[in-house]
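What follows is a short report on a single structure.
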Amino acid sequence: MERVRKATVELISLFNEEEEPRLTGILVTKAAKKSYNFSLFDITENEFVLQLHIGRAIVYLAFESDEEIGEDEYPELVEETLRRTVPVVKELIKAINAETLEEPVILYDEMSPDVKEFVYDLLIRHMRGDSPYDQTEPA
């Protein structure tokens, strides 16, 4: 678990408290199938969760900003966040694989109540084997 802790600290250190946005939470879990993509969950006007699915690992990174994040800011913000985090997330995934962690786990929790509710809902969904996505309309 030491390797996971070290990779987590390295990831947290990428986002110090003076920078925007701040990393406030990390949830990791495993998927049944390999995939390579990312998703963005807009929680409030200044909080979001970035999901990185790399191989079988899924890493959720929760972020908070002091300022409202406008719709037009997201493309550049996500691009910069991906550029900074993906190399360190890959190291975290290697550590998780080496430790053979199979159950979802929250590695870092400095989240606001709104984000915490969302992330804990994701945790429960993954523990049940449910999709993290809500289907709002019939297929």
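Give segment 32-58 a look and list any residue that's more than 14 Å from the chain's Cα centre (by Cα) and within 21 Å of Tyr120 (Cα to Cα), or say none.
Of everything in segment 32-58, those that are more than 14 Å from the chain's Cα centre (by Cα) and within 21 Å of Tyr120 (Cα to Cα) turn out to be Ala32, Thr44, Glu45, Asn46, Arg56.
Just to be sure I understand the filter: pairs with C-beta atoms under 6 Å, separated by 6 or more residues or on different chains, first member in segment 100-123 and touching a residue at least 12 places away in the same chain (Cβ under 8 Å), second member buried (at least 17 other Cβ atoms within 10 Å of the Cβ) and assigned to a loop (DSSP other than H, G, I, E, B). Which pairs pass?
Cβ pairs passing all conditions: Leu122/Pro132; Leu123/Pro104.
Report yes if Ile124 is touching a strand residue (DSSP E or B) at 6+ places or on another chain (Cβ under 7 Å) and modelled with pLDDT under 95, otherwise no.
So Ile124 does not fit the description; no.
Residue under question is Gly70, and the condition is that it be within 22 Å of Phe118 (Cβ to Cβ), out of contact with any Pro (no Cβ under 8 Å at 6 or more places or on another chain), small (Gly, Ala, Ser) and at pLDDT below 95; does it hold? Before the answer, list the steps.
Working: within 22 Å of Phe118 (Cβ to Cβ): yes; out of contact with any Pro (no Cβ under 8 Å at 6 or more places or on another chain): yes; small (Gly, Ala, Ser): yes; at pLDDT below 95: yes.
Against the criterion (within 22 Å of Phe118 (Cβ to Cβ), out of contact with any Pro (no Cβ under 8 Å at 6 or more places or on another chain), small (Gly, Ala, Ser) and at pLDDT below 95), Gly70 qualifies.
Does segment 47-58 include one or more residues that are out of contact with any Cys (no Cβ under 8 Å at 6 or more places or on another chain), surrounded by fewer than 16 Cβ atoms within 10 Å (Cβ to Cβ) and either more than 18 Å from Thr100 (Cα to Cα) or of a type in the set (A, V, I, L, M, F, W, C) (or both)?
The answer is no; no qualifying residue exists.
In segment 64-103, what residues are more than 14 Å from the chain's Cα centre (by Cα), within 14 Å of Leu23 (Cα to Cα) and assigned to a helix (DSSP H, G or I)?
Leu77, Glu80
The values are calculated or read from the model by the stated rules, or taken from the named source; none is laboratory data. Predicted model only: the values in this text are computed from it and were never measured. Cβ coordinates were reconstructed from backbone atoms using ideal geometry, including for glycine residues, and neighbour counts include every protein chain displayed.
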